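Asker: My questions will all concern the structure given below.
Each value in this text was obtained by applying a stated rule to the coordinates, not by laboratory testing. Quantities reported herein were computed from a predicted structural model and do not represent experimental measurements. Please note: Cβ atoms are built from the backbone with ideal geometry, for glycine as well, and neighbour counts cover all protein chains shown.
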Amino acid sequence: MLRFIANRPSHHTKQLWISGRSRLVTIRPFSCTPSIHQANNINSPDTNKIYALPFKLSPERAPQVVELANYITEHKILGLFKLIKSMFMKTLPQVSDESRIQIRKAYLPFWYYDMAIKANVTQESNGQERELLGVGLNGFWTGHTWDPMCYLSFGFPIQVDATALKPFSPDDDDNDDDIEVIPFTTDPFQDLEDHVSDALEGLRVGDGKQAVTLSQAETVFSAAYPLYFPVYIAQVDSDTVIVVGGQSENPPVFKYVPKEQQQLQRSWLNNSEWLRLDVSDPSWRVGLPVSPIQQLCKMFADKVVKAQLADGRDNERKPIPWNDDVRIQAYPDHEKENKGYVGQLFKVWAQQGMLTHLDLMDGNKKTLGMGKNGLEMKSAGQFKEEILGSVGDDLKKLEEMEPQWLKDYNNKKISDGSQ
């Protein structure tokens, strides 16, 4: 039976039933307050947009994984020997016969999102301006504000198998366990997209001749996919939490160790990435000690991602527009089409930027750019000939690949803007 959690802030320890067992255990108090109408949104017809990964890790094996993970982090050397031994024995090492750690079974809400952002870029060395396109695919965003779980990412390198996803149903009675379901209370459009332009305005990236300043950033594509991730949550002590992914027999394991408030994301050991970005200028991938694209990723995470997590604006969030926003989509139905379109959009922008760059160069000079086989080193003349020979077909392909929902969405924006 699935059981929704109506959270209430509390300064006292809370007692909850765990996994349908006839015992009470102590857990960390909830620190967020999702409203009842948000939980009820799960029961509305829009649930066809929400998918979940099923539990594959058995309740019998989960406590062993939790105990081993806790033992290794507390006794690194001895834990490593136990782990190496288990690899040869092909069994999970036993840490103790009597566990002091209590475990609960839950579904945590999260979003994957695909986005493309264009921005003006001014070269500090010569004042030249140009437009760049930045893209991020399968970026992670939390679907809730339950502290500290909202700082835990299921992004890269975790790979969601679209074929394993199933439509989420609060009436799923296939499992006798009492599974707690945390309702969706956040979405990446309110928390991220609405703040991109302000966050990136005046941002300086790169050093020396690579130094540039960003301005007039604008989102040109965005789509988000609501998902539920199955987890086992273990309360080790009053401050330490271990989360084990339930989607695989070889699950990811995360451990929360409290640190300073501003470093909550780093407090999760083995935490996954929140986003990966790429830009249409391949030179941004090169640089020491870090490349401009690495700087951009960190700055975007600090100025947009962490800022939205830390601003404590739970009461300002509007209900998620499940039915009204066509950009909220079912992952299995749209993600391949969307990623194909964004990939083609990125290619066209990279070609146009490359042509502008090549016009300023001697045709015989070697340069780094996007060729037929990805990032290549060729003469400027070779690149230019190659791009001019394919740009027409690539633009036509981009138009053909544009999803119908995106055409309708853009047409509606134009129509609403003209009124």
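Asker: For segment 330-419, with only Lys/Arg (+1) and Asp/Glu (-1) charged at the beta-carbon, what is the dipole magnitude about the Cα centre, in debye rounded to 20?
Answerer: It comes to approximately 240 debye.
Asker: Give me Y331, Y71 sorted ascending by neighbouring Cβ count inside 10 Å, so fewest comes first. Present the calculation step by step, with values, prior to reporting the outcome.
Answerer: Values: Y331 22, Y71 17.
In increasing order of surrounding Cβ atoms, one gets Y71, Y331.
Asker: Within a 10 angstrom radius of the beta carbon, how do M361, M149 rank from fewest other beta carbons to most?
Answerer: Final ranking by Cβ density, sparse to dense: M361, M149.
Asker: Cut-off is 10 Å between beta-carbons; in what order do S280, S248 appear when sorted fewest neighbours first?
Answerer: S248, S280
Asker: Once you have the Cα-Cα distance between K366 and Q216, take 0.36 nm times their residue separation minus that, and quote the gain in nm to one decimal.
Answerer: Computed gain between K366 and Q216 is 50.8 nm.
Asker: May I ask you to compute the full-extension gain from E402 to R204, defined as 0.36 nm times their residue separation minus their alpha-carbon distance, rounded to one decimal in nm?
Answerer: 68.0 nm
Asker: I need to check one value: relative contact order of segment 330-419, counting alpha carbon pairs closer than 8 Å and at least 6 residues apart, in percent.
Answerer: Relative contact order here is 29 percent.
Asker: With a/c under 1.5 counting as rounded, go ahead and sort segment 175-304 into rounded, prolate or oblate using the C-alpha gyration tensor (a ≥ b ≥ c being the square roots of the eigenvalues; past the cut-off, prolate if a/b is larger than b/c, else oblate).
Answerer: Prolate.
Asker: Shape verdict for segment 330-419, please, from the Cα gyration tensor: rounded (a/c under 1.5), prolate (a/b greater than b/c) or oblate. Intermediate values should be presented prior to the final figure.
Answerer: Working: a/c = 3.32, a/b = 2.04, b/c = 1.63.
The shape class here is prolate.
Asker: Which entries of K56/K318; K49/K347; K303/K336; K118/K396; K347/K407; K372/K396 have Cα-Cα distances beyond 23 Å here?
Answerer: K56/K318; K49/K347; K303/K336
Asker: Sort segment 365-407 into rounded, prolate or oblate with this rule: let a ≥ b ≥ c be the square roots of the eigenvalues of the Cα gyration tensor; rounded if a/c is under 1.5, and if a/c is not under 1.5, prolate when a/b is larger than b/c, oblate otherwise.
Answerer: prolate
Asker: OK, next. Sort the following peptides by mean Cβ neighbour count (other Cβ atoms within 10 Å, averaged over residues), highest first: 403-414, 284-295, 55-66, 188-199.
Answerer: Final packing ranking: 188-199, 55-66, 284-295, 403-414.
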